[in-house]
Amino acid sequence: MSSLSSQDQLKAMAAEKAVQLIEPQSWVGVGTGSTVNFFIDALAQSGLPIKGTVSSSEASSQRLKALGVPVFPIEQVPVLDVYVDGADEIDHHGFMIKGGGAALTREKILAAQANSFICIVDQSKWVQTLGVFPLPLEIIPMAAPKLIERFKAMGAQASVRLKDGHPLITDNQQHILDVRGLQITDPLAFETQVNQWPGVITVGVFANQRASVCLLASPEGVKTIEF
Ligand code: 5RP
């Protein structure tokens, strides 16, 4: 662990704590991102006997399978005992911004099918008000111009996320819009409003699917915050 950056050490601490909270024989939903990668590694190393996992992305599925952790399609697992994922921001209600890793749609589907959501983050993700991190939305590509206009009318700036100079293509073959300049003071209302805009597949505000517990890692240790 000493070769890791200090932020990665915190991510690993939160991830290891999450493994300790998983009951044997659970169905475990697995999110996406660098913090979740530490969780996957720790879960595999723990030898904890679980029923299996359901994954929110091709990247997490590959990592789980490479480490010998069984991955099942969501259709075969109607209820997840627990869902473990990171976040780009989380507030004191457990409301989050997610989607920095472009996996938000499958993440929200899994979160909605889980009995509890354990959010694992380092201290940099803890915020008073959501919106400093650019808000991701997964969208139908042809809707981009109108959606950019709608956000402009709200005083925010939206742009299509690029990879190697081209629009990034998600695991669902769609595009991501990143929105800067928002202050999301009422995440539940905001999520409901933007979800209704034509062409929006998923908005990266997780208010209806908020965290049940946040494992917040700082140099002082991992704090468990229940919502
Ligand atoms: C992916 C996500 C991630 O949970 C979020 O981007 C945090 O990632 P990281 O752990 O790499 O900071 O929502 O879509």
Please tell me the relative contact order of the chain in percent, rounded to the nearest whole number, where contacts are Cα pairs under 8 Å and at least six residues apart. 22 percent
Computed lengthening from Glu58 to Asp186, 0.36 nm per intervening residue step minus Cα-Cα distance: 42.9 nm
As an exercise, take the mean of 1/r over every pair of distinct alpha carbons in region 79-136, invert it, and state the Kirkwood radius in angstroms. 11.7 Å
Compute the helix-to-body angle for 34-46: its Cα long axis versus the longest principal axis of the chain, expressed 0 to 90° and rounded to tens. 20 degrees
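Mind ranking 69-79, 213-223 by how tightly packed they are, going by the mean number of other C-beta atoms within 10 angstrom, highest first?
Top of the packing list down: 213-223, 69-79.
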Theoretical FRET efficiency, 1/(1+(r/R0)^6), r = Cβ-Cβ of Ala44 and Gln193, R0 35 Å, to 0.05: 0.30
Distance (nanometres) between label positions extended 7 Å along Cα→Cβ at Ser34 and His93: 2.9 nm
Please give the calculated 222 nm ellipticity per residue for the chain, where each DSSP H segment of at least 4 residues contributes -39500 (n - 2.57) and the sum is spread over every residue; nearest 500 deg cm²/dmol? -9000 deg cm²/dmol
Two pseudo-spin positions, 7 Å from Cα along C-beta at Gln25 and at Leu162, lie apart in nanometres by 5.4 nm
In the Gaussian network model of the chain, springs joining C-alpha atoms below 10 Å, which of Lys163, Lys152, Lys98 carries the largest mean-square fluctuation? Lys163
Kindly identify region 135-204 as rounded, prolate or oblate by the Cα gyration tensor criterion: order the square roots of the eigenvalues as a ≥ b ≥ c, call it rounded if a/c is under 1.5, otherwise compare a/b with b/c, prolate if a/b is larger, else oblate. prolate
Using the Karplus equation 6.51 cos²θ - 1.76 cosθ + 1.60 (θ = phi - 60°), what ³J(HN,Hα) coupling, rounded to whole Hz, does each residue of region 19-25 give in order, writing x for Gly and Pro? 4, 5, 8, 7, 6, x, 6
Obtain the radius of gyration and the Kirkwood radius of the chain from its C-alpha atoms and give Rg over Rh. 0.96
Between the modelled labels at Met154 and Gln128 (7 Å from Cα along Cα→Cβ) the distance in nm is 2.1 nm
About the Cα centre, and with charges only on the beta carbon of Lys, Arg (+1) and Asp, Glu (-1), how big is the dipole of the chain? Nearest 20 debye, please. 320 debye
Let me spell out the model: positive unit charges on the Cβ of Lys and Arg, negative unit charges on the Cβ of Asp and Glu, origin at the Cα centre of region 1-91. What dipole size does that give, in debye rounded to 20? 360 debye
Global geometry of region 72-189, whether rounded, prolate or oblate, following the gyration tensor of its Cα atoms and the 1.5 cut on a/c: oblate
For Gly52, enumerate residues with amide H under 5 Å from its amide H, sequence gap 5+ or separate chain, H modeled in the peptide plane. Val28
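Values quoted throughout were computed directly from the atomic coordinates according to the rules given, and no laboratory measurement underlies them. This one's a predicted model, so the numbers in the text were calculated from it and none came from an experiment. Cβ coordinates were reconstructed from backbone atoms using ideal geometry, including for glycine residues, and neighbour counts include every protein chain displayed.
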